[in-house]
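Structure record follows, encoded as structure tokens.
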Amino acid sequence: MAANATLIWCLGHLPNRVQYESDKAPSGPEVDLMKDFAARVGMTLEYTVPTPIPRCLQQLQRGQVDIVAGLLFTAERNELFYLLPYDAARPESWFIHKDNPIEQNDNLRLTFVDGRIYSANLQERYAAAGYQLLNADNLDDGLAMLLFQETDVLVGPEHITLGRIASNPRFQHTLILAPQDYQPNFEAHIAISRTGRYAGQKELFRQVLEQMRAEGRHRLYE
């Protein structure tokens, strides 16, 4: 590895994982994790400005950044990038209205957010279980449906949804995460481009991430 090599991280919008303040370096548990990772592979970590994940992936594909974190696996992403698991993800957490106890309802209305990644056949499995399936154009619309009890459950990414609830006074203290039984875990990945300048370091990156996980130092849902 060349001396003083830089690793440019495209900062996604990851509430509860990364905090941003003007004229200050980002902070938070994901930043600590990425700093540790960069140090272990002998690089200096650099940050972009906060950027939507789709744009981060475009920049990664163009070689404008080196790494993107917090990604779920998809076949399309896997064709373009090396996806290296590093932590748990909860893209299918259940959110409810505090005054609407779902355990007393046998015919739940479940709302999914268009454009979000869910596991294969999830909606089909829920439909087979007797749930009524609804869709929202975006996360804010889904939360509004939950607020006005037009749905019983919003199914969405845990950290991002919690961040959106915390940032909106209408949602605070009214919309809550359902009990842990409803929160399945998936893998979160970092991505590097298959044609990027660090493609040849894939195995080193994978080994370092595996070692970090084995040490249990960065578990972002604990």
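Points worth noting:
- Ranked order, 148, 112 - accessible area, probe 1.4 Å, largest first: 148, 112
- Remark: the chain carries 51 Å² of accessible area per residue (probe radius 1.4 Å; ligands, DNA and RNA excluded).
- Summary value for the chain: 30 percent relative contact order, contacts being C-alpha pairs under 8 angstrom separated by 6+ residues.
- Qualifying aspartates and glutamates (Cα of each under 12 Å from Cα of residue 35; at least 8 residues distant if same chain): 46
- The stretch 90-222 - percent relative contact order, Cα under 8 Å, separation 6 or more: 33 percent
- Taking label points 7 Å from Cα along the Cα-to-Cβ direction, residue 39 and residue 6 give a separation of 2.1 nm.
- Separation between Cα centres of the stretch 1-48 and the stretch 155-204, rounded to whole Å: 17 Å
- D_trans [Stokes-Einstein, Kirkwood Rh over alpha-carbon pairs] for the stretch 51-96, 37 °C, 0.692 mPa s, µm² s⁻¹: 274 µm²/s
- For the chain, the share of alpha carbon pairs falling in successive 5 Å distance bins from zero is 1, 6, 14, 18, 18, 15, 11, 9, 5, 3, 1, 0, 0 percent.
- Rounded percent of accessible protein surface that carbon and sulfur make up, the stretch 4-94, 1.4 Å probe: 48 percent
The values are calculated or read from the model by the stated rules, or taken from the named source; none is laboratory data. On a predicted model such as this, the values are computed, not experimentally measured, just so you know. No Cβ is skipped: glycine too gets one built from the backbone with ideal geometry, and neighbour counts run over all protein chains shown. Ligands, DNA and RNA are stripped out before the accessible areas are found, and what is left, the full protein with its side chains, is counted by its heavy atoms. Shrake-Rupley method; radii C 1.70, N 1.55, O 1.52, S 1.80 Å.
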